[in-house]
1. Could you compute the net charge surrounding THR73? Neighbours are other residues with a C-beta less than 15 Å from the C-beta of THR73; K and R count +1, D and E count -1.
2. When the chain is fully extended, how far beyond the present Cα-Cα distance does ASP103 get from LYS173, taking 0.36 nm per residue of separation?
3. Would you kindly state how much longer the chain becomes between VAL138 and VAL189 on full extension, computed as 0.36 nm times their sequence separation minus their alpha carbon distance, in nm to one decimal?
4. Quick one: net charge of PRO180's neighbours, Cβ under 13 Å, K/R +1, D/E -1?
5. Label ILE118 and ALA68 with points 7 Å out from Cα along Cα→Cβ: what is the distance between them in nm?
6. Rank by packing, highest mean first: peptides 162-175, 89-102, with packing defined as the count of other Cβ atoms within 10 Å averaged across residues.
7. Starting from the exponent 0.38 and prefactor 2.2 Å, build the expected Rg for segment 62-191 from its residue count and divide its actual Cα Rg by it.
8. Each residue of segment 158-167 in order: what ³J(HN,Hα) in whole Hz does its phi give by Karplus 6.51 cos²θ - 1.76 cosθ + 1.60, θ = phi - 60°, with x for Gly and Pro?
Amino acid sequence: MARPTTYTRGFVLGSGFALAALLASTWALWAMPLSATASSTPAGAAPKSHSLLQSRELWATVDICNPADKPDTVGVRGSMPGDGHARDAMYMRFQLQYLEAKDDAWVDLAHGGDSGFIAVGSAKAALQSGTSFQIVPVKGEPPYTMRGIVTFRWRHGARVLHEVTRTTSAAHKSVADADPAGYSAAQCVIG
C-alpha cells in the first residue's frame, strides 16, 4: 500500500491521498471548560503529577469520522484535567497517523497531520479541545485506517510542568462538536 499523500496549508505528506487545502479554514479549535464539579482538583490545591496523569478526565478520541455533512473528515478531541492553578496554562497537540498494512504499524503523516501545541486555556479546571482534518482519498487507493494522538502539556510560564501523550480510544463523552452527537471512537476509516 502506498503512503498517504496529504496536502494541508501547503505541506506535502507522502503519496496516496490529500488533505484538502481548505483544512486551514476547517481547522477548528474547540476549548470548552467542563463544569466546576467535573474537576478532580479542589480550588487552590495543587494535584500531584500522578493524579493528573491518571485522571479519568485525561483522554483522546476520534469524535468525527466521515459524517455525511463533513465527508472525509477526521476529528480528534482531547480532554485534560486542570491542576487547580489559574496561572498555569494547558496545551494540546493533535496528530494523525495511518495504519501501514504491510508492516501492521502506525505511521505519522509527514506534514500537515500535526497541529503543533495549541493553548486551550487556564489550568484552573478541566478543558476539552479538538481539531478536524479533511482527507480527500485518491481514486483507486484502498481505504486508510486513521487514528489520533494527543499530547497534553501543563505549563507555568515557559516551564513545562507535566506532559503526557494519549492515543485515541472509544467511549468518551465529548462536550461539543462530535458528529454525530456523542460519537467517540478509537479509529476512523477513510477512502
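Taken together, the values in this text are just the output of simple stated rules run on the coordinates, not laboratory data. Keep in mind it's a predicted model, so treat the numbers as computed, not measured. Don't worry about glycine lacking a Cβ; one is built from the backbone with ideal geometry, like all the others, and counts go over all protein chains shown.
1. Values: positive: LYS70, ARG77, ARG147; negative: ASP63, ASP69, ASP72, ASP177, ASP179.
That works out to -2.
2. The span from ASP103 to LYS173 would gain 21.9 nm if fully extended.
3. Details: separation 51, 0.36 × 51 = 18.36 nm, distance 1.39 nm.
Gain in length upon complete extension: 17.0 nm.
4. Working: positive: LYS70; negative: ASP63, ASP69, ASP177, ASP179.
Around PRO180, the charge tally is -3.
5. 2.7 nm
6. Working: 162-175: 16.8, 89-102: 19.8.
Top of the packing list down: 89-102, 162-175.
7. On the way: Rg = 15.6 Å, N = 130, 2.2 N^0.38 = 14.0 Å.
In units of the globular-protein estimate, segment 62-191 measures up at 1.11.
8. So the Karplus estimates, Gly and Pro as x, are 8, 7, 7, 8, 8, 8, 8, 10, 10, 8 Hz.
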